[in-house]
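Take a look at the structure below.
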Amino acid sequence: MSYRVLTWHVHGNYLYYLCSAPHTFLVPTKPGHPEGYGGRTGHLPWPGNLEEFPAETANDMDFDCILYQSMTNWDIDQYDILTAEQRSLPRIYVEHDPPRQTPTDTRHPVDDPDTLLVHVTAFNDLMWDSGASPTQVIDHGVKVPPGVAYSGELDRGIAVVNGMGWRGRRVGRDIFERVREHVPIDLVGMGSKELGGLGEIPNHELHAFVSRYRFFFNPIRYTSLGLAVCEALSIGMPIIGLATTEMPTVVENGV
C-alpha cells in the first residue's frame, strides 16, 4: 500500500534517499524558501514521488500521516499550516541527531505516546531519553550511481563536512586542522572554502568525486552517522575516523 506522507525539506540528502520508499512525499513551499519550505529546490535529481505544494493550501489536502524532522516542524510549522484534524493523523518524528544538552539525561521534547520517534542510529536511541514516545531505529540508506566505484588514484584523503567553520569542535574542526598538518587531506562541503577547502560539490556528483581519493577521513566527534560516510562505505572506500557514536559499529579495522 502506498501512502501520502506530508514532510518538510529539512535535510536535502535524507529527503532524496527517503523518496526511494514506494510512497508519495508531499513537501510545502513558501515564497523565498524559508527553512523547511524549499520544496524540490537544489541540485538533487528529485524523483516523481516527491511533490511540492503551496503551504497555504495544506489544510485542503489529504494526507495519510505526518513526518516531522525538526523541532520547528513540531513546535511551529504544524500549527501554521495544518488543521486540528490533520494534526491528529498518525505522526512520526525523525530525530536526526544525538542529544546535545547532556549525552545521557536529555529528555526528547516530543515525549508523546502517540508519536513514533525514529532514531537514525542505535547509538542515538540508546542515548536519548525518549520519554513516553515509542521508538524505532531506521538506519540510513544510500544509493550508488551506476558505474561509480572506489579507485583511489589521488594520494590524499578527503573529508566531507558541511559547516565545519561554524559547527566547530562537534564536527571536529580542531581534529581536521591538526591532522591536515601531517597528512594531505582535502575538505569539501558548505562553507569549506573558508577553511581552505574546495567548496561544495553537487550531491549527484559527490560519489564520483570522492571515489578518486585514497581514503575518506571523518573527523566528527559527535553526530549521527553521516550520509557522506555511508556513501563512502557504499563504494568500497577506506574510512579513517574516530571510534565515537555509531562509527565503531560500521567500520571494521583491517578490512
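Values in this text are rule-based calculations from the coordinates and carry no lab data. Nothing here was measured: the structure is a model prediction, and the numbers come from that model. Cβ atoms come from the backbone with ideal geometry, glycine included; neighbour counts cover every protein chain shown.
Table for the structure above
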| item | result |
| --- | --- |
| The stretch 180-231 - percent relative contact order, Cα under 8 Å, separation 6 or more | 21 |
| Semi-axis lengths (Å, descending) of the ellipsoid that matches the C-alpha gyration tensor of the chain | 33, 21, 17 |
| Dmax and Rg, reported as Rg then Dmax, of the stretch 154-250 (C-alpha, Å) | 12.1, 32 |
| Sites residue 136 and residue 200, calculated FRET efficiency, Cβ-Cβ separation with R0 22 Å, nearest 0.05 | 0.10 |
| Part-to-part distance (alpha-carbon centres) for the stretch 192-255 and the stretch 59-133, which is given in Å | 28 |
| Whole-Hz ³J(HN,Hα) from phi, Karplus 6.51 cos²θ - 1.76 cosθ + 1.60, for the stretch 209-214, glycine and proline x | 5, 6, 4, 7, 7, 5 |
| Estimated inter-spin distance, residue 170 and residue 149, nm [label 7 Å along Cα→Cβ] | 3.9 |
| Computed E for residue 64/residue 35 - FRET, C-beta separation, R0 35 angstrom, nearest 0.05 | 0.90 |
| Per-residue [θ]222 nm for the chain (sum of -39500 (n - 2.57) over DSSP H runs n ≥ 4, rounded to 500) | -5000 deg cm²/dmol |
| Amide hydrogen neighbours beyond the local backbone of residue 53, cut-off 5 Å, H modeled | 27, 29 |
| Whole-Hz couplings from phi, Karplus 6.51/-1.76/1.60, listed for the stretch 37-47; x for Gly and Pro | 10, x, x, 9, 6, x, 8, 6, x, 4, x |
| Distance in nm between pseudo-label sites at residue 49 and residue 114 (7 Å out along the Cβ direction from Cα) | 2.8 |
| Amide proton proximity set for residue 38, modelled H, under 5 Å, gap of 5+ | 9 |
| Calculated diffusion of the stretch 67-139, Stokes-Einstein form, Kirkwood radius summed over Cα pairs, 37 °C and 0.692 mPa s, µm²/s | 261 |
| Separation of the residue 21 and residue 156 label points, Cα + 7 Å toward Cβ, nm | 3.9 |
| For the stretch 154-171, Karplus couplings with θ = phi - 60° (6.51, -1.76, 1.60), whole Hz, Gly/Pro x | 7, 7, 7, x, 9, 10, 10, 9, 7, x, 4, x, 9, 8, x, 4, 4, 9 |
| Relative contact order (percent, whole number), the chain, Cα cutoff 8 Å, 6+ residue spacing | 15 |
| Net dipole in debye of the chain [+1 Lys, Arg Cβ; -1 Asp, Glu Cβ; about Cα centre; nearest 20] | 860 |
